[in-house]
Every structure is written in structure tokens, then in C-alpha cells.
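What follows is one structure encoded as C-alpha cells, with my remarks underneath.
The values are calculated or read from the model by the stated rules, or taken from the named source; none is laboratory data. Only a predicted model underlies this, so the values are computations on that prediction, with no experimental measurement involved. We place every Cβ from the backbone using ideal geometry, glycine too, and count neighbours over all the protein chains shown.
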Amino acid sequence: MADPARTPRRRRAVALRYGLWFLVAAVLALTILVFALGRKEIEGAMGVSASAPYGSPFQLVNQSGAPATEAVLRGRPTALFFGFTHCPDVCPTTLFELAGYQKALKAEGRDLGIVFVSVDPERDTPDILRTYVGALSDDVTALTGDPAKVEAMLKGFGIYAKKVPQDGTDYTMDHTASVLLLDRAGVFQGTIAYGEDPAAAKAKLERLSAS
């Protein structure tokens, strides 16, 4: 025969256990919901969408002085990089590596476009950009333009760039060093960080070229 004194305690213990399970399930569901909503808000703030082209419309010029708009980021998988020609290390290294990946992918029958946008339009004229990227590859599009229009593009693409004074009137630029990866429709597919493992970077570009 059951102990009458223990039965209520057992019932309370069972009820408490079920209550705790319900609480844990509720917290987990709430966490998933908050994460999902937060991710959507973040994607919206960054302009990243699963289907919409990344960034905003822009009007710049290429290294030949011809008008260039966001259309240069359509029609082929593209590695988009922002930098400047006076950059001592990050920019030339990144562009050299991208040109190498581009050559290797072409040998495999894959396509990859490279677009280099100057964050220093005051010094980077079309002529200077033509010489700069021409030494790396004949299949790199370089963009510059009116400083205000460049600044608007940087803002539209979520790119950080800031002039850093040096001795006298000289200056350098601090800027986002990651490469943005866009598919044929201009949709954001990821990034390549500066100094990223070459095998990992090439794998990302191979996937991009197949998109």
C-alpha cells in the first residue's frame, strides 16, 4: 500500500519536472525565434539578401575613363575589392593573389571577374589605375570617380575607409581589407579575409565561379 504522505510529494516532483521541461522548451523556442529575427534585421541593415543584388547603385568611371555603374558587377562571378594604389602591402598583395586565382580558374575553364574600387579617388585617377592593375592582369576592372560619388558607393556597400594623416601633407588610407564575393546576379556570396588560407580562398572562388 502506498504511503499517503509520499504520494503528494511524488506528484509535486513530477509536476515540477514537467514544468522545468516546458520552461526549457519555451526558452529554446524563444532563443531560436530571436536569432532568426535578429539575423533578418542584421541582413537588412547590411543590405545582404538571399536574392537581391548587394550594395546600392553607383556612378563612377573605370580605368579608361568610361562611365561605370553597378552593371560591372553583373553577368559574371566577381571578386570585389576596395583599396588604393599607394597602399604598401595589403592592396598589392590581395590583387596579386586574386589575379593568380583568376588565371588558375581560367585554366580550368572557369570565369572570375575582379573589380578594384579605389578608396582614394583624390590620387587614384583613371590613368594611374590603368597602369596599376595593368601590371597584374588585363582582366581587372578598376573604378574611381568624384570623391562624393565614391564615398556614396562605399556607404552603399558597407565599406569602411578613412584618411590617416602622416608626415607633412602626406596621408594613407585605413580601409576594409576583405574581398566581397558576388555571383553573376550581383548577390552576396561571402568574403575572403586578408591573409586567408590560399586553399580555402581558392575553394570559395571555385564555388563562386560555379554559381
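Odds and ends about this structure:
- Residue check, Leu98 assigned to a helix (DSSP H, G or I), buried (at least 20 other Cβ atoms within 10 Å of the Cβ) and touching a residue at least 24 places away in the same chain (Cβ under 8 Å): yes
- On inspection, Gly156 does not qualify as of a type in the set (Gly, Ala, Ser) and modelled with pLDDT under 95.
- Being surrounded by fewer than 19 Cβ atoms within 10 Å (Cβ to Cβ) and more than 19 Å from the chain's Cα centre (by Cα) is a property that Ala104 has.
- Strands (runs of 3 or more DSSP E) completely within the stretch 111-211 that count 2 or more residues being more than 18 Å from Leu73 (Cα to Cα): 161-165, 171-175
- Count - residues of the stretch 182-211 that are of a type in the set (A, V, I, L, M, F, W, C), in contact (Cβ under 8 Å) with a residue 24 or more places away in the chain and closer than 14 Å to Tyr101 by Cα: 4
- Options Phe35, Phe82; residue that is modelled with pLDDT of 95 or more and either among the aromatic types (Phe, Trp, Tyr) or part of a helix (DSSP H, G or I) (or both): Phe82
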